[in-house]
Every structure is written in C-alpha cells, then in structure tokens.
Amino acid sequence: MEPNRAKLGNFAALTIQVGFPLSKLLDAVSPNVDADYVLFTSYEDDAHGNFAGSYPWPYHEALTIDEARNELAFLSVGMYQAQLPPQNGAPLRLTLPWK
C-alpha cells in the first residue's frame, strides 16, 4: 500500500491510510451534473449530546466537486494497517490534507 502524502505549508505530512479515494465514491454514485458541492454530515446520535465549547453537532463539511475529485481527498477506514479507531473517526473518516 502506498502512503497518502501531502505537502502542507513548510512541512510534509505522512500518514498511512487504509481506504479509497473520494473520487471513486463520486464515480459510483454519479452526482447530478449541475452539482457544485458535495455536503458531508457527521453521524447524528443524540445519545452523544452536545459538547460545550466544541463545534456544533452534527458537524458539516462541504467540498467543491473539484476538491472532492482531488487525488488527495480520501475516505479512510483504517490507518497503519489497522481498523480506524473511534477516536480517529471510525467507521469512516473524510481525510483532506488541506482542511
């Protein structure tokens, strides 16, 4: 497996992700040709409640179609050859080196 590498500012980030490029999911679901953005919403479970001082729950993120098709936009299901743990966004994490 090839590491997912990204150049960020004056340093390089190296993470070994297990998953697939977001563009593959877009190809599979065929978004509307008029769509400009892809909207992601985190899992909403009222049992987890709202966390004071943190981001609003559930968390939303939007990408332009071009950003979503970037080769570095990645959907991770694991890291370092292991299943993605809950503290890192299991079961599925949107990995974007520029956000």
Taking D66 as the residue in question, decide whether it is loosely packed, with under 12 Cβ neighbours inside 10 Å, modelled with pLDDT of 90 or more and within 18 Å of W98 (Cβ to Cβ). yes
Can you tell me which residues in the range 71-93 are of a type in the set (G, A, S) and within 18 Å of L25 (Cβ to Cβ)? A73, S76, G78, G89, A90
Criterion: modelled with pLDDT of 90 or more and either assigned to a helix (DSSP H, G or I) or exposed (fewer than 12 other Cβ atoms within 10 Å of the Cβ) (or both) - qualifying residue of A47, A28: A28
Look at P58 and say whether it is at pLDDT 80 or above, surrounded by 10 or more Cβ atoms within 10 Å (Cβ to Cβ) and assigned to a loop (DSSP other than H, G, I, E, B). no
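The values are calculated or read from the model by the stated rules, or taken from the named source; none is laboratory data. It should be emphasised that the depicted structure is a prediction, and the values quoted were computed from it without experimental measurement. FYI the Cβ positions are ideal-geometry reconstructions off the backbone, even for glycines, and counts take in every protein chain you see.
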